[in-house]
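See below for the structure under consideration.
The values are calculated or read from the model by the stated rules, or taken from the named source; none is laboratory data. Note that the structure is predicted; figures quoted are calculated from it, not measured. Every residue, glycine among them, receives a Cβ derived from its backbone with ideal geometry; neighbour counts consider all protein chains shown. For accessibility, only protein heavy atoms count, side chains too; no ligands or nucleic acids. Shrake-Rupley method; radii C 1.70, N 1.55, O 1.52, S 1.80 Å.
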Amino acid sequence: MARAHRIAVLGGDGIGPEVTREAVATLQLASEIEGFSLELRDYPFGAEHYLKTGETLPPSALVELGDHDAILVGAIGDPRVPVGYLERAIIAGIRFGLDLYVNLRPVKLFAEHLCPLKGKGPKDVDLVVVRENTEDVYVGIGGLFKKGTPDEIALQEMIFTRKGVERVLRYSFDLCRKRGRAKKLTMVDKANAVAAMDLWTRAFEEVGQDYPDITRDHAYIDAACMWMVKNPESFDVAVTPNIFGDIITDLGAMVQGGMGIAASGNIHPGKVSMFEPIHGSAPKYRGQNKANPLATIMAVSMLLEHLGEVPASRTVANAVAGLIQDGRIHSLQAGVHGTDELGSMVAAEVEAVRPVAGR
Ligand SMILES: NC(=O)c1ccc[n+]([C@@H]2O[C@H](COP(=O)([O-])OP(=O)(O)OC[C@H]3O[C@@H](n4cnc5c(N)ncnc54)[C@H](O)[C@@H]3O)[C@@H](O)[C@H]2O)c1
């Protein structure tokens, strides 16, 4: 029987629908060429839907999303809605609601001229950050007391569970083994200042006993930011709590060429998972055909790998890498190439691997 995958698509806000349109076209083309079928379903969640209906992400939609094989998201966030409201309800709602505990962020540089670091090239920038995705200060325990008065108190709890830490560590050790590169896992934390992170320190040592072939390395988050700029080649896989991962992955994105290329997966191994560019909705570029869709197209490559469609995943990633390496895509900045132009260039590269009948 032919392979079939059910994919939920949320274009979202700002540039989200434009970049998602190009990414979905790539996905459809790859499926046609590699011989599997797709059942795509669009969901309207985002600012327009919220302003029209008052609905963000209803519980029934979360159940429906969970019934797919994967979810592709453009971006959420709109200046007409209070900052963070839709992002928390929709993006965090899906991450927490579907227990997508791994935020996977490959940081891979395709061409030296895209790297802002002097003297660093593709051989120096090829690492993966694993960000814990369901705990930490993002769980939402806290709030404001006596808001707006001189006595105001703001409190936000940083939560780690042994189960949550252990499962993301195991995923990271396994990933390190699967990559088969330096076989070094760097844990990035701040256990010298945040006592609760002692749980990470102990779990890392204990879980690490099951992976004698993987070197355990450690860096405090402040030093890790320094190393990421000074010696990105010193990283293979890095694992880190949610808030530090949020920050260091933007640093990683810049090292690999910027928001136009950086993609991520929100993963629960073996279950429905969500893939997205790491950029936001960049409202200033909305509807102008200036946004770079490559980050969302690279998210499609990650989605395909998650579905087990490894050749299709490689075809898409190789198409993007090839266009950058041979200079046909010479900049990842908004507006240099059109959104549709970049989508068409990737499509032509993907099309080029289609077997020719009778040959
Ligand atoms: N996962 C998400 O959906 C997500 C992630 C981050 C931010 N947001 C939201 O997006 C909105 C805008 O946030 P922001 O301005 O801080 O971040 P942003 O990532 O949307 O934009 C920052 C800058 O990065 C550049 N950029 C981003 N995407 C690009 C692309 N595809 N091509 C070329 N250049 C690109 C632009 O210069 C842009 O001004 C906010 O509402 C924010 O909360 C959503």
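Kindly evaluate ASP124 against the criterion of being charged (D, E, K, R) and crowded, with 17+ Cβ neighbours inside 10 Å. Against the criterion (charged (D, E, K, R) and crowded, with 17+ Cβ neighbours inside 10 Å), ASP124 qualifies. Within the option set GLY322, GLY343, GLY335, being open to solvent by less than 70 Å² (accessible area, probe 1.4 Å), within 15 Å of LEU29 (Cα to Cα) and not acidic (Asp, Glu) holds for one residue only, GLY343.
Filter the stretch 274-297 for residues that are surrounded by fewer than 24 Cβ atoms within 10 Å (Cβ to Cβ) and not basic (Lys, Arg); which is farthest from GLY119 (Cα to Cα)? Talk me through it step by step, then tell me what you get.
Residues of the stretch 274-297 that are surrounded by fewer than 24 Cβ atoms within 10 Å (Cβ to Cβ), as a first pass: 278, 280, 282-290.
The next check asks that each one be not basic (Lys, Arg); those that pass are 278, 280, 282-283, 285, 287-289.
Numbers: ILE278: 26, GLY280: 29, ALA282: 30, PRO283: 34, TYR285: 32, GLY287: 37, GLN288: 35, ASN289: 33 Å.
Only one residue tops the list, namely GLY287.
When ARG167, ARG179 are checked against the criterion of being closer than 19 Å to THR249 by Cβ and of a type in the set (Lys, Arg), ARG179 stands alone in meeting it. Scanning the stretch 298-314 for residues that are touching a residue at least 60 places away in the same chain (Cβ under 8 Å) and over 17 Å from ILE7 (Cβ atoms) gives a single hit, PRO311. All of (1) in contact (Cβ under 8 Å) with a residue 60 or more places away in the chain; (2) among the small types (Gly, Ala, Ser); (3) touching a strand residue (DSSP E or B) at 6+ places or on another chain (Cβ under 8 Å); (4) open to solvent by 10 Å² or more (accessible area, probe 1.4 Å) hold for ALA4 with one exception: (1).
Take VAL272 and decide whether it is within 27 Å of VAL194 (Cβ to Cβ), away from the ligand (no atom under 14 Å from the Cβ) and not basic (Lys, Arg). Outline the logic, then answer.
Numbers: within 27 Å of VAL194 (Cβ to Cβ): no; away from the ligand (no atom under 14 Å from the Cβ): yes; not basic (Lys, Arg): yes.
Here the answer is no, as VAL272 does not meet what is asked.
Within the stretch 278-298, does at least one residue satisfy the condition of being among the aliphatic types (A, V, I, L, M), farther than 15 Å from VAL107 by Cβ and more than 9 Å from the ligand (Cβ to nearest atom)?
Initially, the stretch 278-298 is screened for residues among the aliphatic types (A, V, I, L, M), giving 278, 282, 291, 294-295, 297-298.
With the extra rule that they be farther than 15 Å from VAL107 by Cβ, the set shrinks to 282, 291, 297.
Okay, now just the ones that are also more than 9 Å from the ligand (Cβ to nearest atom), so 297.
Yes, there is a match, as at least one residue in the stretch 278-298 is among the aliphatic types (A, V, I, L, M), farther than 15 Å from VAL107 by Cβ and more than 9 Å from the ligand (Cβ to nearest atom).
When we screen ALA263, ALA317 for residues that are within 18 Å of VAL129 (Cβ to Cβ) and away from the ligand (no atom under 16 Å from the Cβ), the only hit is ALA317. Among the residues of this structure, ALA317 counts as one that is farther than 20 Å from GLY77 by Cα and among the hydrophobic types (A, V, I, L, M, F, W, C).
So which strands (runs of 3 or more DSSP E) stay within the stretch 151-248 end to end and still have 1 or more residues that are among the aromatic types (Phe, Trp, Tyr)?
Where strands (runs of 3 or more DSSP E) fall fully within the stretch 151-248 and carry at least 1 residues being among the aromatic types (Phe, Trp, Tyr), they are 215-220.
Across the stretch 88-113, the number of residues qualifying as within 13 Å of the ligand (Cβ to nearest atom) and either open to solvent by 30 Å² or more (accessible area, probe 1.4 Å) or in a helix (DSSP H, G or I) (or both) comes to 8.
Return the only residue of GLY35, GLY11, GLY16, GLY46 being of a type in the set (Gly, Ala, Ser), open to solvent by 10 Å² or more (accessible area, probe 1.4 Å) and at pLDDT 95 or above. First the steps, then the outcome.
Values: GLY35 fails: at pLDDT 95 or above; GLY16 fails: open to solvent by 10 Å² or more (accessible area, probe 1.4 Å); GLY46 fails: open to solvent by 10 Å² or more (accessible area, probe 1.4 Å).
Within the list GLY35, GLY11, GLY16, GLY46, the selection yields GLY11.
With respect to (1) within 16 Å of the ligand (Cβ to nearest atom); (2) crowded, with 18+ Cβ neighbours inside 10 Å; (3) in a helix (DSSP H, G or I), the lone exception for LEU27 is condition (1). A residue that is part of a strand (DSSP E or B), closer than 30 Å to ARG181 by Cα, in contact with a helix residue (DSSP H, G or I) (Cβ under 6 Å, 6 or more places away or on another chain) and at pLDDT 95 or above can be found somewhere in the stretch 59-71.
Filtered by the rule that a residue be closer than 28 Å to GLU64 by Cα and open to solvent by 30 Å² or more (accessible area, probe 1.4 Å), the stretch 241-267 gives a lone residue, ASP246.
Close contacts from the stretch 148-161, counting a first residue that is surrounded by 10 or more Cβ atoms within 10 Å (Cβ to Cβ) and a second that is assigned to a loop (DSSP other than H, G, I, E, B) and not acidic (Asp, Glu), with Cβ to Cβ under 6 Å and a gap of 6+ residues or different chains, come to GLU152/LYS146; GLU157/ILE141. Within the stretch 72-87, the set of residues being aliphatic (A, V, I, L, M), more than 7 Å from the ligand (Cβ to nearest atom) and assigned to a strand (DSSP E or B) comprises LEU72 only.
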